[in-house]
Amino acid sequence: MTGAAASEGTILVGRSTGPQPKPERLSLRLANRHGLVAGATGTGKTVTLQVLAEGFSNAGVPVFAADIKGDLSGLAAPGEAEPHFVKRAEELGIAYEPDRFPTVFWDVFGEQGHPIRCTVTEMGPLLLARLLELNDIQEGVLNIAFRVADENQWPVIDLKDLRALLTFLSENAKELSGTFGNISGASIGAIQRALLVLENQGADKFLGEPALNLADFMRTDREGRGFVNILAADKLMQRPRLYASFLLWMLSELFEQLPEVGDLDKPKLVFFFDEAHLLFNDAPKALLDAVEQVVRLIRSKGVGVYFVTQNPLDVPETVLGQLGNRVQHALRAFTPRDQRAVRAAAETFRQNPGFDVGKAITELAVGEALVSFLEAKGTPSMVERALIAPPQGRVGPLTPAERAAVIQQSPLRGKYDEAVDNESAYEMLAKRKQLDAAPAEAAAQSEGGLSGMLGGLLGGIFGGGEAASKGAAKGAAKGESKGRGRRPPPSLAEQVIGNAARSMARKVGTEVGDAILRNVLGGLTKR
């Protein structure tokens, strides 16, 4: 099965079950035209995803996939010749060959794989605003913050940099508002509170350095097989906005960094976006437009994007129209929305007169699907009912010990595991504040100059200063400790007279000090 898939430039996905059964293959040359894997829970979507990932890896195409339940980790271990797998392989006319695949594990939180990080600047204000659930006014203030940082060349790497930048905006709101528009303290406060929530969810581990080099996703092993990059997403899924923003950031970075290559014999990378509905839920129009643009244009960069979701209606029509390769598992038609989904899924296929597509969608068994892949001229093939091929890797998760062993042997071990904290906006703004405070501090320290210091000294000598008062107080305390009578507290008149005397002594001392200073400096200049 492996050799056939690679040599023919296709991936064997399954075999049709119609009157004239035939292998159902995905052409590698057209794999960058994107795809959709849909179906209800428990119908076999994850196994189909695994079969596709294995096929791409065998063909030398690196893969990135989010692992929601942990099942995809089994790709790193050989499968077992279970009877139903052996039987399915025989039905497809192939021999079942267990195999393991080169795998790299990743984890935003750094617990089940290499940490993945990006900088706040790379995330950008649009995605960050969605991640923070900001309104339009707050998003505008966030855009101002990014603009100010860019104009002053303050790198915004992590959350503490962004906090320092927001504090700068708050302290200089009056001056900046004249250039950029109103900067309200309420909006800044709302952003800061949202950042605190984000940090409590662990996003501070994602925003920082060393930032991910996307070239590390596009690696092959010594045998020429593509690495399967698996993102541990079980914990990440508890923070759906972080999950969706992270994956969209990756797509955007791929789009911006990769050169135009046109149509290749096979993709440079294939990206599987599981639980795709999270990307589009409550997304503002600007974000939806960005997703549509990326999906439409990234194929020319040699990247294929495959959305995995329960319901085809989860994907907007403008994006759904870009997905040429389809695998549709069973859908349940229990509710009106389910029925609409069945009709929508059936209508997106090129119809087969041999069966009722809508009816077949509700009758498919586990491991069975409707498939339609792009043909030589880029047109979709007629939909076929097919049995999905058995995966060669393990179906099910690795044990923690097995995962740890794979991570230990990873070619990227040590590159991303430790966070670094380079100089950035936080440190630069702290230095700026110190420099701004230095002249005022120097002026306060030099108030009165040398004459003031001399005046204070002479005031103490003349007995009217604070030093004399302290000496008297100290003597009184000693006398009291020796059993002398306690001096009664001064009256109000005595306090007033004492304060006036100390003020006069300081003035006299300062005048004498000025005279001494003039004489000293005058003598120096005459030499």
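The values are calculated or read from the model by the stated rules, or taken from the named source; none is laboratory data. Predicted model, so just to flag it, every value in this text is computed and none were measured. As a convention, Cβ positions derive from the backbone with ideal geometry for all residues, glycine included, and neighbour counts pool all protein chains shown. The protein model used for the area step is the full one, side chains on, heavy atoms only, and it has no ligands, DNA or RNA in it. Shrake-Rupley method; radii C 1.70, N 1.55, O 1.52, S 1.80 Å.
Observations
- Helices (runs of 4 or more DSSP H) within region 283-371 that include 3 or more residues open to solvent by 40 Å² or more (accessible area, probe 1.4 Å) and of a type in the set (Lys, Arg): 336-347
- Any hit, region 97-106, residues being assigned to a loop (DSSP other than H, G, I, E, B), more than 26 Å from Pro210 (Cα to Cα), among the basic types (Lys, Arg) and open to solvent by 30 Å² or more (accessible area, probe 1.4 Å): yes
- Scanning region 312-368 for residues that are under 15 Å from Ser381 (Cα atoms), among the aliphatic types (A, V, I, L, M) and touching a His at 6+ places or on another chain (Cβ under 8 Å) yields a total of 1.
- Any hit, region 214-233, residues being more than 25 Å from Thr103 (Cα to Cα) and in contact (Cβ under 8 Å) with a residue 24 or more places away in the chain: no
- Residue among Phe64, Phe56 that is under 30 Å from Ile157 (Cβ atoms), surrounded by 23 or more Cβ atoms within 10 Å (Cβ to Cβ) and modelled with pLDDT of 95 or more: Phe64
- Residue check, Thr46 touching a Leu at 6+ places or on another chain (Cβ under 9 Å), hydroxyl-bearing (Ser, Thr, Tyr), in a helix (DSSP H, G or I) and open to solvent by 10 Å² or more (accessible area, probe 1.4 Å): yes
- Residue in region 263-282 that is surrounded by the most Cβ atoms within 10 Å (Cβ to Cβ), counting only those that are out of contact with any strand residue (DSSP E or B) (no Cβ under 8 Å at 6 or more places or on another chain) and under 26 Å from Gly9 (Cβ atoms): Lys266
- Listed conditions (1) open to solvent by less than 10 Å² (accessible area, probe 1.4 Å); (2) not in a helix (DSSP H, G or I) are all met by Arg222, apart from (1).
- Taken together, the residues in region 396-429 that are β-branched (Val, Ile, Thr) and surrounded by fewer than 18 Cβ atoms within 10 Å (Cβ to Cβ) amount to 2.
- Selection within region 107-161 - more than 15 Å from Ser187 (Cα to Cα), part of a loop (DSSP other than H, G, I, E, B) and of a type in the set (Asp, Glu): Glu111, Asp158
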